[in-house]
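S.K.: After the structure tokens below, expect a handful of questions from me.
None of the figures in this text is laboratory data; all of them are computed from the coordinates on show. These figures come from a predicted structure and were not determined experimentally. Backbone-built Cβ (ideal geometry, glycine too); neighbour counts: all protein chains shown.
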Amino acid sequence: PLSKLSDVGTTIFSQMTQLAQEHEAINLSQGFPDFMPDSALLDHVHYFITKGFNQYAPMGGMLGLKEEIARKIEDSHKAVYHPDSEITVTAGGTQAIFTAIAALVKKDDEVIIFEPAYDCYEPIVELFGGIIKRFEMRAPDYEIDWNAVKGLVTDKTRMIIINNPNNPAGRILNENDLQALINIVKGTSILILSDEVYENIVFDGKTHLSISKYPELKERSLMVASFGKLFHVTGWKTGYCAAPKNLMDEFRKVHQFNVFSVNTPMQLALAEYMKNPEHYLHLNSFFQEKRDFLRQGLSGTSFELLDCEGTYFQAVRYSRISDQNDLDFAKELTANHKVATVPFSSFYKNRLNEHVIRLCFAKKQETLERALEHLSKL
Ligand code: GLN
């Protein structure tokens, strides 16, 4: 057969954004801010471009940026990564995830994922001959039954992929979850790929528990983060991976032949901007205000709000409004009510349909107000 990924079509994010454009609907589907990043960050880019920093960056990234990343991780999680040998700047979170899987998952290796799962994990694993084992988290709480997860582990388990905070469910892992994970991997050679791109968007005074905080996990983990989420620049496609040297060496073997290196002036600008931690530490309250505004507005409607502990996504159940499946419902909402969202079944292999859709609230106040006007008519 021609296709290596015969089950894969166009991502739901591209589909829904396109549908939003066709119907001139408010786009709360694909996760990206509709407001400007800080002009100070943009000024840094201008400075470095005009100063002549326009050629290849070193393969692993600009040292100044890797040093800022190492400092951020140490300040936040008390974990030490060597800037030069244990951090690689990537063209976004997805490229880091792709590269980690490409470098470390071999044919017939088993990889455990948690659904609802961000859509790229499974196809990438499949591309490299790996086999997915899934644990389905269910509405409304999306709890993890760690005994069931333990039951998925075999001597072929190569990797566990976690996504904390979870996109799309907005759930964060707590201390018990992390301890359960530690118990599962103890004494095994299982690797962990930890997608933490929403690490700085956690609400209600709760703490993001990074994999890097736990030495028993850190030694076997690749942690992935994203500047797109951190500084409202998803289109810059910049992020990074941090991992112990033995894992990072393998990661870079692939990275050098995939992107080789990442956009130089953007890296320099990000390094400069990161020097002030306030630039990312304020994100929790910045997005909590938006979350609360959206929740407040929806609380008077027939939509049922699910918990949102982190990320910039709010999950809502619409079973009081319609018994349509979530894809049809999301399409109808876009066409007839002019609000585009993402159906949760896209994040489940067997398209588990619990009548839940995802709304992105990384939007201007005015956008959220207009969306609420439409949604309150349902
Ligand atoms: N991470 C974004 C989301 O969840 C989508 C990014 C993409 O479209 N690839 O909406």
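S.K.: Extending each Cα 7 Å along its Cβ direction at LYS107 and GLU366, get the distance between those two points in nm, one decimal.
M.R.: With each label placed 7 Å out from Cα toward Cβ, I get 5.7 nm.
S.K.: Suppose each label sits 7 Å from its Cα in the direction of the beta carbon; what would the GLU219-THR207 distance come out to in nanometres?
M.R.: 2.3 nm
S.K.: Quick one: which residues, 5 or more positions from ILE26 or on another chain, have an amide H under 5 Å from its amide H? H modelled 1.01 Å from N in the peptide plane, none for Pro or chain starts.
M.R.: Amide H neighbours of ILE26, under 5 Å, 5+ apart: VAL339, ALA340.
S.K.: More than 21 angstrom separation, counting every C-alpha pair in the stretch 39-278; what % is that? Intermediate values should be presented prior to the final figure.
M.R.: Details: 15815 of 28680 pairs.
That fraction is 55 percent.
S.K.: On full extension of the chain, what length is gained from SER299 through ASN353, given 0.36 nm per residue of separation minus the C-alpha to C-alpha distance?
M.R.: Taking 0.36 nm per residue and subtracting the Cα distance, the gain is 17.2 nm.
S.K.: Return the sequence-ordered ³J(HN,Hα) values of the stretch 81-88 in whole Hz as given by the Karplus equation 6.51 cos²θ - 1.76 cosθ + 1.60 applied to θ = phi - 60°, using x for Gly and Pro.
M.R.: Each residue of the stretch 81-88 in turn: 10, 6, x, 7, 10, 10, 9, 10 Hz.
S.K.: Let me ask another. Excluding residues fewer than 8 places away in the same chain, name every one of the lysines whose C-alpha is closer than 22 Å to that of LYS364.
M.R.: The reachable lysines, counting only those whose Cα sits under 22 Å from LYS364, are LYS229, LYS237, LYS290, LYS338, LYS377.
S.K.: Kirkwood Rh, the stretch 182-280, all Cα pairs: how many Å?
M.R.: Value: 15.3 Å, from the Cα pair sum.
S.K.: Identify which of SER345, SER14, SER261 has the largest mean-square fluctuation in a Gaussian network model of the chain, with springs joining Cα atoms closer than 10 Å.
M.R.: Greatest mean-square fluctuation among the candidates belongs to SER14.
S.K.: Additional query: Go ahead and estimate [θ] at 222 nm for the chain from helices alone: -39,500 (n - 2.57) per DSSP H run with n ≥ 4, summed, over the residue count, rounded to 500.
M.R.: Helix contribution divided over all residues of the chain: -12000 deg cm²/dmol.
S.K.: Which GluC sites (Glu not before Pro) does the stretch 70-172 hold that lie in a coil by DSSP with at most 13 other beta carbons within 10 Å?
M.R.: GLU143
S.K.: Hey, another quick one. Viscosity 1.306 mPa s, temperature 10 °C: Stokes-Einstein D of the stretch 6-70 from its Kirkwood Cα radius, in µm² per second?
M.R.: Answer from the Stokes-Einstein relation: 100 µm²/s.
S.K.: Starting with the highest mean, order 222-235, 19-32 by the number of other Cβ atoms within 10 Å, averaged over the residues of each peptide.
M.R.: Highest-to-lowest ranking by the protection proxy: 222-235, 19-32.
S.K.: If you don't mind, there's one more thing I want to ask. Say the cut-off is 19 Å between C-alpha atoms; which of LYS72/LYS363; LYS206/LYS245; LYS66/LYS245; LYS4/LYS156; LYS218/LYS275 go over it?
M.R.: Values: LYS72/LYS363 26 Å; LYS206/LYS245 31 Å; LYS66/LYS245 14 Å; LYS4/LYS156 22 Å; LYS218/LYS275 25 Å.
As for pairs spanning more than 19 Å Cα to Cα, those are LYS72/LYS363; LYS206/LYS245; LYS4/LYS156; LYS218/LYS275.
S.K.: Tell me the label-point distance for the pair ASP307, LYS275, using the 7 Å Cα-to-Cβ offset, in nm and rounded to one decimal.
M.R.: With each label point 7 Å from Cα toward Cβ, the separation is 4.1 nm.
S.K.: Now for a different question. Out of all DSSP beta bridges with both ends in the chain, state the antiparallel percent to the nearest 5.
M.R.: 45 percent
S.K.: Now, a different point. Between the stretch 99-172 and the stretch 35-79, what is the separation of their alpha carbon centroids in Å?
M.R.: About 31 Å separates the Cα centre of the stretch 99-172 from the one of the stretch 35-79.
S.K.: Taking one equal scatterer on every alpha-carbon of the stretch 1-125, how large is log10 of I(q)/I(0) by Debye at q = 0.11, 0.18 1/Å?
M.R.: Result of the Debye calculation: -0.67, -1.27.
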